[in-house]
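Any read-out appearing in this document is the output of simple, stated calculations on the displayed coordinates, not a laboratory observation. Quick caveat, the model's predicted, so the values are computed rather than measured. Using ideal geometry, Cβ is built from the backbone for each residue, glycine included, and neighbour counts are taken over all protein chains shown.
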Amino acid sequence: QKLKSLFLAFVIQEYSDFLHEFMCAVKQNYGEKVLVQFEDFANHNAYDLLSKYMDTHLVFNDDIQGTASVVLAGLIAAQKVLGKSLADHTFLFLGAGEAGTGIAELIALKISKENSSSLKVALFSGLE
């Protein structure tokens, strides 16, 4: 079991080192304005990669950010027709994949901005 854990730690470090080398090479070869789109990474890897490189590289994850922005655009359009705020609705997500968590986070961010509340309040309001 300990050997398996050590091997897994080694593989994770190799993966991280490879991606870092790739990100540095892309930036060096193509410049500051190159967009790196992360596609189909495991959920925990996708968020980690966005967090790690968002301040140093132009990065985007279609599953998290792209899908979420399209869904939020649809909700904003519906909001105008219904005449209600997003906070007036309850949103239910089945599963916690990249798309679902990205959508939930972006909706909560929009609600928090509309209501001048914290993201935590927007995410968990109505659950009490």
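Pull up the cross-link candidates among the aspartates and glutamates for Lys84, meaning alpha carbon to alpha carbon under 14 Å and not fewer than 8 places away within one chain. List returned: Glu114. Roughly how big is the range 65-124's charge dipole about its Cα centre, with Cβ charges of +1 (Lys, Arg) and -1 (Asp, Glu), in debye to the nearest 20? Its charge dipole is roughly 160 debye. Among the GluC sites (Glu not before Pro) found in the range 1-60, those both in a DSSP coil and sparsely packed, with 14 or fewer other Cβ atoms within 10 Å of their Cβ, are Glu32, Glu39.
Only Cα pairs under 8 Å and 6+ residues apart enter the sum, and on that basis the relative contact order of the chain stands at 19 percent.
Candidate cross-link partners of Lys80 among the lysines, defined by an alpha-carbon separation under 16 Å and a same-chain spacing of 8 or more, comprise Lys110.
Matching the structure-derived Kirkwood radius over Cα pairs in Å against the labelled list (1) 20.4; (2) 14.4; (3) 17.1 gives the label (3). Taking trypsin sites (Lys or Arg not before Pro) as exposed when their DSSP state is a loop state and no more than 11 other Cβ atoms lie within 10 Å, the longest site-free interval of the chain runs over 34-83. Within the straight-line cut-off of under 20 Å between alpha carbons, the aspartates and glutamates reachable from Lys52 are Glu14, Asp17, Glu21, Glu32, Glu39, Asp40, Asp62, Asp63, Glu98, Glu105, sequence neighbours fewer than 8 places apart in one chain being disregarded. Within the range 1-100, the chymotrypsin sites (Phe, Trp or Tyr not before Pro) that combine a DSSP coil assignment with at most 16 other C-beta atoms in a 10 angstrom radius are Phe91, Phe93.
Scalar couplings 3J(HN,Hα) for the range 88-102, obtained by applying the Karplus form with A = 6.51, B = -1.76, C = 1.60 to θ = phi - 60°, are 6, 10, 10, 10, 10, 10, 9, x, 10, x, 4, 5, x, 5, x Hz; x denotes Gly and Pro. Going 7 Å from the Cα of Glu32 toward and past its Cβ, which residues in the range 48-83 have a backbone nitrogen under 17 Å from where you end up? Taking a point 7 Å out along Cα→Cβ of Glu32, the residues of the range 48-83 whose backbone N falls under 17 Å are 54-59. 3J(HN,Hα) couplings calculated from phi for the range 79-84 with the Karplus curve 6.51 cos²θ - 1.76 cosθ + 1.60 (θ = phi - 60°) are, in sequence order, 4, 5, 6, 7, x, 10 Hz; Gly and Pro show x. Only one residue of His44, Leu3, Val70 has its Cα farthest out toward the positive end of the dipole of the range 1-74, where Lys and Arg carry +1 and Asp and Glu -1 on Cβ, and that residue is Leu3.
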